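In what follows, a structure is listed as structure tokens, so that the remarks can point back to it.
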Amino acid sequence: MIKPHRDELPNFDRLMEECEYQTTTVEETPKSAPLWTSIFTGLRQDEHGHMDFVVDDELQKREDIDGTFVWEKLDDVDSKVLQVPSVIPPINYNTEYEAEGFGVSSDLDELEADRKKLIEKSKEVLEDDPEFFAVVFMQLDRVSHFYWNDKELILEWYKKMDEVLGELLEYYDFDSDEPLIVLSDHGFAEFGEGRVQTLPEETPHGTLEGDHHEDAVLITKNIDFDIDQPEDVAKAILDNYGKDYPVHENSR
Amino acid sequence: MPRKTISLPEDLADFVDENHINLSRFVQDKLRELSESEESEEKLSEEEAKEIAQKLEKLGYLDR
């Protein structure tokens, strides 16, 4: 959606122009709970073992995840984190935020209200100039579950995400050597287009129009670390702060 | 990191010096413990958990 519509997405366009842009193909299961956990722990799915929001009918919590998130390792860094959806409700760190609909809404008005509220909260946090800041906007994913075939609506939501980028990049100096990472945990596609099916086409509540796809967006600036898989993102962050990062037994 | 100033009575200040305690780290650890224990107290009600499960099911996340 981004490449063919660059002229309608000025902030994505700027990032693609001024930063390193690549598509990463996720080798493991392209589902949000395990992917965001890998992205922010540096562990692969078989290492952290956190694969679903609900296990044995129990909603999973932070303490159910066997791994240390980067902000927990950055104990001498002023870190602020908003809405990492490894679990539901999503994880915040050193700041508070309550998502509309617990971060798993499927109502367009509620998603829009949450997007706007999260922009304002992010700006409030960025005003304090934290040393490490991470925020996840999940609204586009939720919309894609239900409306993937309505490309006009999907493009409208890409534009809304572009607006999010514009608002937050006001706090980023493109001429600085400050590291920046903008990414998605996965892509989206019609059912059958991805390597593995991760969502059902029918739920007890109706039909879904799209499924997660293994291709994800990755945009970086001032990152001197090779990011090939989701877990490499955490390693890049930890490496930037001179911290040790997980090394796998069978490193690629 | 933001800096905060704390005041200590003389006997505690001496205790800190005598035992070579890293005061910043000590206070950070205690505050972290406190904030984490408060977080774990913020448990979801049964009704909220049910609402989340229903929303996850609607999104297709509960299909197994």
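The values are calculated or read from the model by the stated rules, or taken from the named source; none is laboratory data. Because the structure is predicted, anything quoted here is derived from the model rather than measured. A quick note on method: Cβ atoms are made from the backbone with ideal geometry, for glycine too, and the neighbour counts reach across all protein chains shown.
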Checklist entry - For the stretch A:33-74, which residues satisfy the criterion of being touching a residue at least 60 places away in the same chain (Cβ under 8 Å), assigned to a helix (DSSP H, G or I) and either more than 16 Å from the chain's Cα centre (by Cα) or within 18 Å of A:Asn240 (Cβ to Cβ) (or both)? => result A:Ser38, A:Ile39, A:Phe40, A:Thr41, A:Glu47, A:Val70, A:Trp71, A:Lys73
Checklist entry - If A:Lys117 satisfies every condition in (1) surrounded by 15 or more Cβ atoms within 10 Å (Cβ to Cβ); (2) at pLDDT 95 or above but one, which is the exception? => result (1)
Checklist entry - Just checking, how many residues over the stretch A:125-144 are under 16 Å from A:Leu169 (Cβ atoms) and part of a helix (DSSP H, G or I)? => result 3
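Taking the options A:Phe132, A:Phe191, A:Phe174, A:Phe146, name whichever one is within 14 Å of chain B (Cβ to nearest Cβ), aromatic (Phe, Trp, Tyr) and surrounded by fewer than 18 Cβ atoms within 10 Å (Cβ to Cβ).
Numbers: A:Phe132 fails: surrounded by fewer than 18 Cβ atoms within 10 Å (Cβ to Cβ); A:Phe174 fails: within 14 Å of chain B (Cβ to nearest Cβ); A:Phe146 fails: surrounded by fewer than 18 Cβ atoms within 10 Å (Cβ to Cβ).
Residue meeting the stated conditions: A:Phe191.
Look through the stretch A:73-98, keep the residues that are β-branched (Val, Ile, Thr) and under 15 Å from A:Val136 (Cβ atoms), and return whichever of them is nearest to the other protein chains (Cβ to nearest Cβ). Break it down stepwise before answering.
Applying the first criterion (β-branched (Val, Ile, Thr)) to the stretch A:73-98 yields A:77, A:81, A:84, A:87-88, A:91, A:95.
Of the ones still in play, those that are also under 15 Å from A:Val136 (Cβ atoms) are A:81, A:84, A:87-88, A:91, A:95.
Working: A:Val81: 13, A:Val84: 14, A:Val87: 10, A:Ile88: 6, A:Ile91: 10, A:Thr95: 11 Å.
In this case the residue turns out to be A:Ile88.
What number of residues within the stretch A:53-72 are closer than 13 Å to A:Ala134 by Cβ and either at the interface with another protein chain (Cβ under 8 Å from one of its Cβ atoms) or crowded, with 18+ Cβ neighbours inside 10 Å (or both)? Break it down into steps so the answer makes sense when it comes.
If we filter the stretch A:53-72 for residues that are closer than 13 Å to A:Ala134 by Cβ, which is where we start, we get A:69-72.
Within this subset, residues satisfying the condition of being either at the interface with another protein chain (Cβ under 8 Å from one of its Cβ atoms) or crowded, with 18+ Cβ neighbours inside 10 Å (or both) are A:69-71.
Counting residues in the stretch A:53-72 that are closer than 13 Å to A:Ala134 by Cβ and either at the interface with another protein chain (Cβ under 8 Å from one of its Cβ atoms) or crowded, with 18+ Cβ neighbours inside 10 Å (or both) gives 3.
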Checklist outcome for this item: Subset of the stretch A:99-109, residues more than 10 Å from chain B (Cβ to nearest Cβ) and either among the charged types (D, E, K, R) or in contact with a Pro (Cβ under 9 Å, 6 or more places away or on another chain) (or both), comes to A:Ala99, A:Glu100, A:Asp109
Checklist entry - In the stretch B:1-60, which residues are within 30 Å of A:Glu98 (Cα to Cα) and touching a residue at least 12 places away in the same chain (Cβ under 8 Å)? => result B:Val27
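Among the residues of the stretch A:103-124, is any part of a strand (DSSP E or B) and within 19 Å of the chain's Cα centre (by Cα)? Quick ask: steps written out before the conclusion?
Here is the first cut: in the stretch A:103-124, the ones part of a strand (DSSP E or B) are none.
There is no residue in the stretch A:103-124 that is part of a strand (DSSP E or B) and within 19 Å of the chain's Cα centre (by Cα).
Check A:Pro10, A:Pro85 and return the single one that is crowded, with 16+ Cβ neighbours inside 10 Å and either of a type outside the set (Val, Ile, Thr) or closer than 25 Å to B:Ser45 by Cβ (or both). Before the answer, list the steps.
Values: A:Pro10 fails: crowded, with 16+ Cβ neighbours inside 10 Å.
Of A:Pro10, A:Pro85, the one residue that is crowded, with 16+ Cβ neighbours inside 10 Å and either of a type outside the set (Val, Ile, Thr) or closer than 25 Å to B:Ser45 by Cβ (or both) is A:Pro85.
Run down A:Gly166, A:Gly210 and say which single residue is within 22 Å of A:Asp52 (Cβ to Cβ) and either surrounded by 15 or more Cβ atoms within 10 Å (Cβ to Cβ) or more than 11 Å from chain B (Cβ to nearest Cβ) (or both).
Working: A:Gly166 fails: within 22 Å of A:Asp52 (Cβ to Cβ).
After ruling out the rest, the residue left standing is A:Gly210.
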